[in-house]
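To keep things clear, I will list the structure first and then write my remarks on it.
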Amino acid sequence: MGSHDDGDGCTGPDRHAIQSGFAIGGGDGCIAEARHHAAAFLERVRTERRAPVTARVLDLTQLVVSELVTNACKYAPGPVLMELRVTGETVDVIVWDSDPTVPEAHAADAGRVGQHGLEIVKAVAQDLQIHAEPVGKRITARIALADP
C-alpha cells in the first residue's frame, strides 16, 4: 500500500488520501514497531501534505495503534496488518488479524485488571468499526485531525 498523490490517475473518494500499510510480526517489539510506523507516517503527512498533525493527534494515534496491535498480537495467530490513512479531516487506523472473533468493549469496571483496550479506543476515537472478514477481522478507528 502506498500513498496516493494528486494527479496519479486514481479516482474515487480516496483519490486525495495518503496511506501506508505495514505487516507486523507478533514477536517482541511489535507494538513499539507499530507505534514507530505511526509516528513516521504522521510526520510524512505533516511535511508532504502540510496537514495539521498536532501532538495530540500523534499521541492519540499511537495510543490507538498500541491498543489495537496489542490485542491482535495477543489473541490472533499469524501476521497483523496495519494500514494508516489520512483522508480529509481524519486519521484512520486499520488493523487486520486472522482471529474471526469480533471483540466487544466491556462495561467500565475500575476493579478489572486488563481488557480495557477497546474501551480506551472507543473513548478517544471519533468512530470505531469492527468488520468480520472472510478470514479474520478488520478494526478501523477514526481519529479527528483537528483538536477540539
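A compact table of results
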{"item": "Per-region count, the range 24-38, residues among the small types (Gly, Ala, Ser), within 13 Å of the chain's Cα centre (by Cα) and under 20 Å from Ser98 (Cβ atoms)", "result": "1"}
{"item": "Single residue of the range 19-50 satisfying the filter (among the hydrophobic types (A, V, I, L, M, F, W, C) and at pLDDT below 90) that is nearest to Leu81 (Cα to Cα)", "result": "Ile24"}
{"item": "Residue within the range 46-55 that is assigned to a helix (DSSP H, G or I), closer than 26 Å to Gly27 by Cα and either of a type in the set (Ser, Thr, Tyr) or in contact with a helix residue (DSSP H, G or I) (Cβ under 9 Å, 6 or more places away or on another chain) (or both) present", "result": "no"}
{"item": "So Glu67, is it over 15 Å from the mean Cα position of the chain (by Cα) and either buried (at least 19 other Cβ atoms within 10 Å of the Cβ) or within 19 Å of Asp127 (Cβ to Cβ) (or both)", "result": "no"}
{"item": "Candidates Val135, Val93, filtered to the one that is under 25 Å from Arg44 (Cβ atoms), among the aliphatic types (A, V, I, L, M) and modelled with pLDDT of 85 or more", "result": "Val93"}
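The values are calculated or read from the model by the stated rules, or taken from the named source; none is laboratory data. What you are looking at is a predicted structure, and each value in this text was computed from that prediction instead of being measured. We place every Cβ from the backbone using ideal geometry, glycine too, and count neighbours over all the protein chains shown.
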